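This report concerns only the one structure given below.
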Amino acid sequence: MQPPNPRQYKSWLDKQVEELIGDGDVSHLPNAGRKLDWSRDDPNTPADMRMAYKIMRDHEVMPEWIALGQELDALLSKIERLAKRFEADYLERRTLAERKASALLLRDAEARWAAAQERLHGLIAEYNSKLLIYNITRPSQVNQREPLPTGRWLQR
């Protein structure tokens, strides 16, 4: 007996996946359209931690590592937003200086860019120091986050 041709196998597999997915309509599934019930305990939660998690959930308290993760997300978003704004400002000022052939405007643009880089450097250092705490305090099942390389951000 000859092994199946890989192309035939792939097309058969694609057909099976398409049949399972269908048109993407999931309204026929049980509980479709209902909110998820988060009040039940997660079966993967260790038994000795369930009561502690229930108390925290009832009082809207979260573990420190989760709060720190949210803080890191907000800080990263701020860094990205500022980097784009600083870059646009620098390019606009530099273009204006070149168009007017003004050494003073060019020097001002470079000085503002240097100040912007310094500010970004400080924010990235703050992010990376908080990230270290996050990576130490997170549970072992949660992936570590990578630090931001300062040089790459400032070169952009």
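The values are calculated or read from the model by the stated rules, or taken from the named source; none is laboratory data. All figures in this text were calculated on a predicted structure; none of them were measured in a lab. With ideal geometry, Cβ positions are generated from the backbone for all residues, glycine too; neighbour counts draw on all protein chains shown.
What pairs come out if I take residues in the range 127-156 that are at pLDDT below 85 and pair them with residues that are outside any helix (DSSP H, G or I) whose C-beta lies under 6 Å away, six or more apart or interchain?
Listed by first residue and then by second, the contacts come to nothing, as the list is empty.
Tell me yes or no: at least one residue of the range 40-53 is surrounded by 12 or more Cβ atoms within 10 Å (Cβ to Cβ), in a helix (DSSP H, G or I), basic (Lys, Arg) and modelled with pLDDT of 75 or more.
Yes: one or more hits.
Could you list, in sequence order, all residues of the range 64-103 that are within 23 Å of Lys130 (Cα to Cα) and touching a residue at least 12 places away in the same chain (Cβ under 8 Å)? Quick ask: steps written out before the conclusion?
Going residue by residue through the range 64-103, those that are within 23 Å of Lys130 (Cα to Cα) are 64-84.
Across the range 64-103, the qualifying residues are Glu64, Trp65, Leu68, Gly69, Glu71, Leu72, Leu75, Leu76, Lys78, Ile79, Leu82, Ala83.
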